[in-house]
1. Tell me the angle of helix 284-297 to the major Cα principal axis of the chain, expressed in degrees between 0 and 90 and rounded to the nearest ten.
2. Students often get this wrong: which residues of the stretch 231-249 have the backbone nitrogen under 19 Å from the point 7 angstrom along Cα-to-C-beta of residue 310?
3. Can you figure out the FRET efficiency of residue 374 with residue 332, using R₀ = 25 Å and their beta-carbon distance, to the nearest 0.05?
4. For a footprinting-style exposure proxy, rank 121, 215 by other Cβ within 10 Å, fewest first.
5. Give the residues of the stretch 347-372 whose amide nitrogen is closer than 16 Å to a point set 7 Å from the Cα of residue 445 in the direction of its Cβ.
6. If I take R0 = 45 Å and measure r between the Cβ atoms of residue 123 and residue 355 in this structure, what FRET efficiency does the formula 1/(1 + (r/R0)^6) give, to the nearest 0.05?
7. Tell me whether the stretch 155-254 comes out rounded, prolate or oblate; compute the Cα gyration tensor, take square roots of the eigenvalues as a ≥ b ≥ c, and use a/c under 1.5 as the rounded threshold.
8. Just grab the label-to-label distance for residue 53 and residue 499, each label 7 Å out from Cα along the Cβ direction, in nm (one decimal).
């Protein structure tokens, strides 16, 4: 995976070592602080030389990395940097300046140009931006004191390098707008979302194959259930902010990103402010919920809000987890999931014919849309009504005969700000079953069976009364495998069920001595082996109810 592009905070310090001094000529070397967590050799500083200067950018390259190149490779890299500087001047800078803001004057140096430092980074790092460079060395001893962006030298000839530069540049603009102008720090997820979106807004994802967008689609579809607002610095984080960002801009316009940046609010409140400012009727919650449905259906025929219009995103479809629910009330399925705020969940339920029932249980703050589909693929979008405790119920007639599946898409939307670290997970549960619709013949069979069971129950009640009045000598003859329609076997089964439920969990009282009864007797004999097996020198129960087994049974009945 390729990580783009962490905004690194800084810690204040008292002591400082002045390392960075403004270079004056091509080839002159300077010393820079770098982030060891991104550097391939985990260094804290490197020497780099000024190699290319354009109108707005000074390009520095790590000296050791540069020295390892051949003359032809150096000429090729210099050409790449000249072209990159030209792209910045003609495309990136104008677009960003018009919408987000211009290159800020550095408060320490007063300069308005940018320094781009290429150095050797770990394979999954595309680049980064250090907020500490925006402060003086008196405030932060490891500051390079400048508008500095850091890119991976190994990606210099990557076709996506222009997008990587634009991505890091947005972090600089965001710092100036939020931290400098408003005294707040943008939440990481939204900072990264804007940086990811600028690549598409500049047209750098138009050639989809091998693009940053193609990579982000793979990141998202591999792990779609990550939280939008929790940042863990994984590929899936970039995937979800990118896919949600494209949806947000398609549905509500680029102005949402611009206006949320200029607001003194951060995170979700800033998006809500921008939606309201642009007279958009949807709330952030509604936008997010619609998006969770859109990445599942991705079909404009259900409504413009349930699809992507970008040609490269028309095949984005989340694959839900699938649960099969068989017919019959005793075949109830219970499922429990854990999720975080603003994370999508997709669970598709299929099953046998009948009336579908589902009970949903959660905490308050959940929103639960569901998509119910017929066999021909025609679907309906509905929303579950939840009570104050977060519970809800569904009942769907003619399941399977009329409807083929139902897909739940629950999301927790309880928290709206303060996403600055790891987030808690919360559980939601649902149980489902299918009540089979019976034919008249099947109903009659059930009535006959109930009548038979009623007679058997009356017989058992009579037997229990006899046992209660018994003299402690209820079991007078040996019992064994294969006996049928035996009152003694019924008494044995009833006793094992009532007195020894863990030994005879099945609890069938039939009068027939078969496998389940034999296994129960064996467990009984082994539980009381000192009285039943040891006198015979046995270690394993036999399942035969002989003299010692009967004696123990009668002894326990007396108690």
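Laboratory data are not the source of any read-out in this text; all were calculated from the coordinates shown. What you see is a predicted model, and the numbers here were worked out from it, not measured in a lab. Cβ sites come from the backbone with ideal geometry, for glycine too, and all protein chains shown count toward neighbours.
1. The two axes meet at around 70 degrees.
2. Hits in the stretch 231-249 for residue 310 at 19 Å: 234-249.
3. Details: r = 25 Å, r/R0 = 0.98.
Efficiency computed from Cβ-Cβ geometry: 0.55.
4. On the way: 121 25, 215 19.
Lowest to highest Cβ neighbour count: 215, 121.
5. Correct set: 353.
6. Numbers: r = 55 Å, r/R0 = 1.22.
Computed FRET efficiency for residue 123 and residue 355 comes out at 0.25.
7. Working: a/c = 1.62, a/b = 1.22, b/c = 1.33.
It comes out oblate by the Cα gyration axes.
8. My value for the distance between the label points is 10.1 nm.
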